[in-house]
Amino acid sequence: MGGLLTEVFIASLLFGAVTVGIPLLLAGLGEQISEKSGVLNIGIEGMMLMGAYGGFVAAYYTESFWFGFLAGGFLGMAVAFLMVLFCVLLSMNQIVIGIALTIGAEGLTALLHHFQFSRTYPRMPEVPTLDIPGLQNIPVIGPAFFERHPLVYLSILLVVFVAWIFRRTQIGLNLQAAGDKPAALDAAGVNVKLTRACAVLTTGFLAGIGGAFMANVGAGLFVPHMTHGAGFIGIVLAMLARGKPLWVLLGAALFGSSLALTTALQVAGLNIPTDVVQMLPFAMVIVVLILFARHSYLPPALGLPYHRGER
Amino acid sequence: MIFSTARVLVPIIMALVVGGLILFALGKDPFAYYEYVVQRGLLSWSGFQQTLIRSAPLLLIASGLIVAFRAGIWNLGVDGQFLLAAVASAALAPVLIVALPSWLTIIICCGVSIAVAMAWSVVPAFLKTRYGLNEIITTLMMTFLGISFANVLVKLPFNDPDNTVPQTMTLPVTDRLGRLFDTTIHSGIIISLVAVFAVHFVMTRTAFGLKLQIVGSNPRAAKHAGLNVGRLTFATFAISAGLVGLGGAVEILGVWGTMRADWNPAYGLLVIPLVFLARFHGIAVIGFTLLFAILMIGGESASRRMGVPNFYVLVLVALLLIFLALVEYLDHLSHKRKKA
């Protein structure tokens, strides 16, 4: 118990927080893009899971992490395509389809895993890292932040990029309008459905990469149902971030640390059931929601399909 | 009438066909699989009893979802409510049975389970009424929390030290819910049928049910009509969770007698398409639940016998939901054409 605040403990906590935080960040950013455009993407859990499975299989057989992330992204996008087809183009119920995609991905990935690997769980080799010279030698912080796979740096840069898109570009304005007042966007001559379709596909791509990161870097292997609600936490992050990507980053860091506490506590030699620690992030979500719910913001047209000429 | 039959049958058939194609792609014979499922889930006497036993918790969950969905509330937190209620019964029953007759034990356990599940729905209800926060997310979060919490409870305070596997103490078979006639079917199926009929009656024939439906179809109109939307929302959550909790109690008191750690049948999301297929109709849901129970029980045998893991049922459920939404959409389209 005395060793709780040692260097080793903090180092493993930070390292783990980044590892589990990145998928949450990607999911949260992706969901934010969907929600901004007016699509409540409940299927994001399924997109992550599909990305996790596809990303793992691709990386395992090609022995390339990059190829794995790309494959994960495209598989997430494939699930997102179904969401686009049913919810954006055909205006079907976003919640029903979202649940269906999540359940379907759970079943399908578990089935495929069973037929592919039977009951074995092959592992990925060690993650290659891009070390940042100078910074990597800082004790505690160095290994956690500056000796990571390049995707970690890219994901954090993505926060800035998405913030720039939202604030400074026409695309950002279009997205915002599609969620706030789709009719106005339509009147301005921009295709609402196309805007939303692109947003959802982007979400799928990011969620898929997040899932692949979870499998390949986080766990090093694929286990059925492994996302365990990470996609849903992504939805909460997007909801509380009120359309601001930087808040998604902060939220992902917070929830990432609480998830990482499991392994860190075990490193510190504290033996509590993993279930106790698995409760932490969700308990945290509930507490955060109770405290800050009044500050959460969702676009007015969220979840409503757009029909031209209907009021 | 023909139309509504088609609207129900088409999604089921489509899901079975597309699911069959997936099986075929995985190198399994879909016809053999389905035949085996029907054989083991419906046509064999022991399988049929299993099917009816499985229907009890599914029906109670379905009735809970009908209340919520009719009132326009997405209670997706079923699994957490179900498991915590199950823990309550599993922990309480073996202790109470020492001092009390079994009928009283069962009544008390059911009551406590219902209360526990209700308590687990208070936070989402509060967040929805107070801040208008979407209950989909909050109930999902509560369910993940509840699943882990149930495990903690089984492993730590309620763990039976005499057992090597982490589980609660066991209620003797003779003290569980009574069996029907000479079968292995426990009386939980009667409880669940009564609950389904009661829910259907309340939702369609009483003022209270009508109020809930008004809140469900248009909360703003309900407010203008002078209904206390907040209180009705709390009531909806409580009734819905309570029925789900009763399902958890029945499953423990009727089938298992104990609760093992990491036991999570995850019925919650599986029941949703049944409720949609029945269009929130209490009586219709009984038929679909039976069909689904056949699929589950037969599928469990098939997973051992034919090497198709039970995850396949998840794929079928997802396909069912998608085709259901698709048929609804096409129906809506043809109505619009007729009007135009």
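At a glance:
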| read-out | value |
| --- | --- |
| Of the criteria (1) aliphatic (A, V, I, L, M); (2) away from chain A (no Cβ under 14 Å); (3) surrounded by 19 or more Cβ atoms within 10 Å (Cβ to Cβ), which one B:ILE107 fails | (3) |
| Index of the failed condition, B:MET203 passing every other in (1) modelled with pLDDT under 80; (2) crowded, with 20+ Cβ neighbours inside 10 Å | (1) |
| Among (1) assigned to a helix (DSSP H, G or I); (2) without any contact (Cβ under 8 Å) to a residue 12 or more places away in the chain; (3) open to solvent by 50 Å² or more (accessible area, probe 1.4 Å) - the single one B:SER148 does not satisfy | (3) |
| Of the criteria (1) in contact with a strand residue (DSSP E or B) (Cβ under 8 Å, 6 or more places away or on another chain); (2) farther than 30 Å from A:ALA268 by Cα, which one A:VAL18 fails | (2) |
| Unique match (being within 22 Å of A:VAL84 (Cα to Cα) and of a type outside the set (S, T, N, Q)) among A:LEU130, A:LEU194 | A:LEU194 |
| Residue that is surrounded by the most Cβ atoms within 10 Å (Cβ to Cβ) [pool: residues in the stretch B:53-95 that are out of contact with any Asp or Glu (no Cβ under 9 Å at 6 or more places or on another chain) and outside any helix (DSSP H, G or I)] | B:ALA71 |
| Unmet criterion (only one of (1) within 14 Å of chain B (Cβ to nearest Cβ); (2) open to solvent by 50 Å² or more (accessible area, probe 1.4 Å); (3) among the β-branched types (Val, Ile, Thr)) for A:THR129 | (1) |
| Selection status of A:SER91, more than 14 Å from the chain's Cα centre (by Cα), surrounded by fewer than 24 Cβ atoms within 10 Å (Cβ to Cβ), small (Gly, Ala, Ser) and under 24 Å from A:LEU304 (Cβ atoms) | yes |
| Set A:VAL200, A:VAL287, A:VAL276: member being open to solvent by 60 Å² or more (accessible area, probe 1.4 Å), of a type outside the set (D, E, K, R) and at pLDDT 80 or above | A:VAL287 |
| Selection from the stretch B:218-250 of residues that are within 30 Å of B:VAL315 (Cβ to Cβ) and open to solvent by 10 Å² or more (accessible area, probe 1.4 Å) | B:LEU243, B:LEU246 |
| B:LEU326 being within 14 Å of chain A (Cβ to nearest Cβ) and surrounded by fewer than 19 Cβ atoms within 10 Å (Cβ to Cβ) | yes |
| Residue that is within 13 Å of chain B (Cβ to nearest Cβ) and either among the aromatic types (Phe, Trp, Tyr) or under 14 Å from the mean Cα position of the chain (by Cα) (or both), where the choices are A:ILE235, A:ILE272, A:ILE290 | A:ILE235 |
| Selection count, the stretch A:13-72, where residues are on the phi > 0 side of the Ramachandran plot and either touching a helix residue (DSSP H, G or I) at 6+ places or on another chain (Cβ under 9 Å) or among the polar types (S, T, N, Q) (or both) | 1 |
| Selection from the stretch B:125-141 of residues that are open to solvent by less than 50 Å² (accessible area, probe 1.4 Å) and more than 9 Å from every other protein chain (Cβ to nearest Cβ) | B:ALA125, B:GLU135, B:THR139 |
| Matching residues in the stretch B:270-320 - criterion: being among the polar types (S, T, N, Q), away from every other protein chain (no Cβ under 14 Å) and open to solvent by 10 Å² or more (accessible area, probe 1.4 Å) | B:SER301 |
| Residue match in the stretch B:25-35 (condition: closer than 30 Å to B:MET203 by Cα and at pLDDT 90 or above) | no |
| Residue within the stretch B:39-50 that is away from chain A (no Cβ under 14 Å) and surrounded by 24 or more Cβ atoms within 10 Å (Cβ to Cβ) present | yes |
| Residue under evaluation B:ALA99, criteria (1) within 23 Å of B:ASP160 (Cα to Cα); (2) in contact (Cβ under 8 Å) with a residue 60 or more places away in the chain; (3) of a type in the set (A, V, I, L, M), criterion not met | (2) |
| Qualifying helices (runs of 4 or more DSSP H) (wholly inside the stretch B:218-314; at least 1 residues being among the polar types (S, T, N, Q)) | B:229-251, B:282-306 |
| Per-region count, the stretch B:286-340, residues among the small types (Gly, Ala, Ser) and within 21 Å of A:SER118 (Cα to Cα) | 5 |
| Selected residue (criterion: modelled with the highest pLDDT) from residues of the stretch A:54-85 that are open to solvent by less than 20 Å² (accessible area, probe 1.4 Å) and either within 12 Å of another protein chain (Cβ to nearest Cβ) or not in a helix (DSSP H, G or I) (or both) | A:VAL79 |
| Residue, farthest from B:ARG176 (Cα to Cα), within the stretch B:80-135, restricted to residues that are β-branched (Val, Ile, Thr) and within 21 Å of the chain's Cα centre (by Cα) | B:VAL123 |
| Some residue of the stretch B:251-262 being under 18 Å from the mean Cα position of the chain (by Cα), open to solvent by 20 Å² or more (accessible area, probe 1.4 Å), more than 14 Å from every other protein chain (Cβ to nearest Cβ) and within 25 Å of B:ALA207 (Cα to Cα) | no |
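The values are calculated or read from the model by the stated rules, or taken from the named source; none is laboratory data. Fair warning: this is a prediction, and the values are worked out from it, not measured in the lab. Cβ atoms come from the backbone with ideal geometry, glycine included; neighbour counts cover every protein chain shown. Just the protein is used for accessible areas: all its heavy atoms, side chains included, with ligands, DNA and RNA removed. Shrake-Rupley method; radii C 1.70, N 1.55, O 1.52, S 1.80 Å.
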